[in-house]
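The structure under discussion appears below in the form of structure tokens.
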Amino acid sequence: YEGAAKADQIAYLKELIVEDDEVHLDTLLNTMVFSVGHVDAEIMFVGEAPGYEEEQQREPFVGPAGQLLTKIIGVMGLQRESVYISNICKFRPLVGPDQGTRNRKPTAEEMQACLPYIMAEIEIVQPKVIVALGATGAEGLTGRQEPVGRARGKVRSWNGLPFVVTYHPSYLLRNTDLSERRKVWE
């Protein structure tokens, strides 16, 4: 779909994933939550997987963690609409028959199934920097497990792009220690 406008390319990816049997694992729910934001964004945030609120609204980072991410983006002097926000896994991971609002981190297999789509998104958007939100977002992109505390604060190269890791906003909601929160604001 080369040559098409970026928004059209993203829309085409959304259509492809719906039809892609490789992505529809029995361990994932059926409602797709793809991405949100500006297709010419300089900053791309990548999280792990949609949660309950995201699945309901079909938009990444709209629950409490998303509201905090929006505040963080504002403190950066930007608006949510000016960045691009996505997840490694495009479907909410299945917890069990009585799932309710419970969420879980995606498995390596689930992330791997969706990886071609996040890679295509990055290629289309061509951000100047990728920010992995949490260890799972970083693992999904790099294939390496590393604690966020060790990974954050460093600018790395990933496929020729600057790549940084920071705490996931949900971690900050659970951990009210001001020193941990300060690390994100830095």
Self-check item: Between the range 117-173 and the range 6-23, the alpha-carbon center distance in angstrom
Solution: 22 Å
Quiz item: Which helices, counted as full DSSP H runs in the chain, have an axial Cα extent of no less than 18 Å and a Kyte-Doolittle average of 0.0 or above?
Solution: 6-19, 108-125
Practice problem: Return the distance in nm (one decimal) between the two label points of a simple spin-label model at ALA4 and VAL129, each offset 7 Å from Cα along Cα→Cβ. | Solution: 3.1 nm
Self-check item: Assigned charges on the beta-carbon of Lys, Arg, Asp, Glu; the chain dipole about Cα centre (debye)
Solution: 1060 debye
Quiz item: Given a Förster distance of 25 angstrom, what is the FRET efficiency for GLU22 paired with TRP158, based on the Cβ-Cβ distance and rounded to 0.05?
Solution: 0.60
Quiz item: In whole percent, how big is the carbon plus sulfur part of the accessible area of the range 72-119, probe 1.4 Å, protein atoms only?
Solution: 58 percent
Self-check item: Per residue solvent-accessible surface (Å²) - the range 91-186, probe of 1.4 Å
Solution: 53 Å²
Quiz item: Given a cut-off of under 8 Å on Cα pairs at least six residues apart, what relative contact order in percent is computed for the range 7-143?
Solution: 35 percent
Quiz item: By what distance, in whole Å, do the Cα atoms of the chain stretch along each of the three principal axes, largest value first?
Solution: 45, 44, 29
Exercise. Let me know the shape class of the range 81-186, please: from the alpha-carbon gyration tensor, a ≥ b ≥ c as square roots of the eigenvalues, rounded when a/c is under 1.5, otherwise prolate if a/b is greater than b/c, or oblate.
Key: oblate
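The values are calculated or read from the model by the stated rules, or taken from the named source; none is laboratory data. Treat the numbers as computed from the prediction; the structure is a model and nothing was measured. Note: ideal-geometry Cβ built from the backbone for every residue, glycine included; neighbour counts use all protein chains shown. These area figures cover heavy atoms from the full protein model, side chains too; ligands, DNA and RNA do not enter into them. Shrake-Rupley method; radii C 1.70, N 1.55, O 1.52, S 1.80 Å.
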